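Read the structure below first, then the notes.
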Amino acid sequence: MDIEAKMTAIHVPAGIVAAIVSFYLSNGSIAVLGKNQALGTFAGLVILLIVGNIAERLFGKEEVGGFKGWLWSGIVPFFFVWSVVWAMLITSTTITP
């Protein structure tokens, strides 16, 4: 498996986890924090940076291709999965029968 596929395989599950964390932070499940979409977004970005650093240490900066390689193999899949799953979670709780 090439480096791009491995980077994507690491970032997609992290995007799902980030969406779940963002959902719980933004919908008021934690009473102390209330409904805070900005905190949910910030948590997702922090998870993205952590996963990016882990991937860079696993594969090496030169193998990843620097920021350009991380952008297309890490950030884009992460952001797509994160936003889709977060939107699905928000929509599933707002639909009333």
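Worth pointing out:
- Among residues of the stretch 44-55, those that are surrounded by 16 or more Cβ atoms within 10 Å (Cβ to Cβ) and either of a type in the set (A, V, I, L, M) or out of contact with any Gly (no Cβ under 9 Å at 6 or more places or on another chain) (or both), counted: 4
- If the condition is being in a helix (DSSP H, G or I), of a type in the set (A, V, I, L, M, F, W, C) and in contact with a Leu (Cβ under 9 Å, 6 or more places away or on another chain), then the stretch 8-35 contributes 10, 14, 18, 19, 20, 23, 25.
- Subset of the stretch 13-43 (residues that are in contact (Cβ under 8 Å) with a residue 40 or more places away in the chain and either small (Gly, Ala, Ser) or surrounded by fewer than 17 Cβ atoms within 10 Å (Cβ to Cβ) (or both)): 14, 15, 16, 18, 19, 20, 22, 26, 40
- Of everything in the stretch 65-91 that is of a type in the set (Val, Ile, Thr) and out of contact with any helix residue (DSSP H, G or I) (no Cβ under 6 Å at 6 or more places or on another chain), the residue that is surrounded by the fewest Cβ atoms within 10 Å (Cβ to Cβ) is 91.
Since every read-out is calculated from the coordinates, none of them should be taken as a lab result. All of these numbers come straight from a predicted model, not from anything done at the bench. Neighbour counts run over all protein chains shown; Cβ positions are idealised from the backbone, glycine included.
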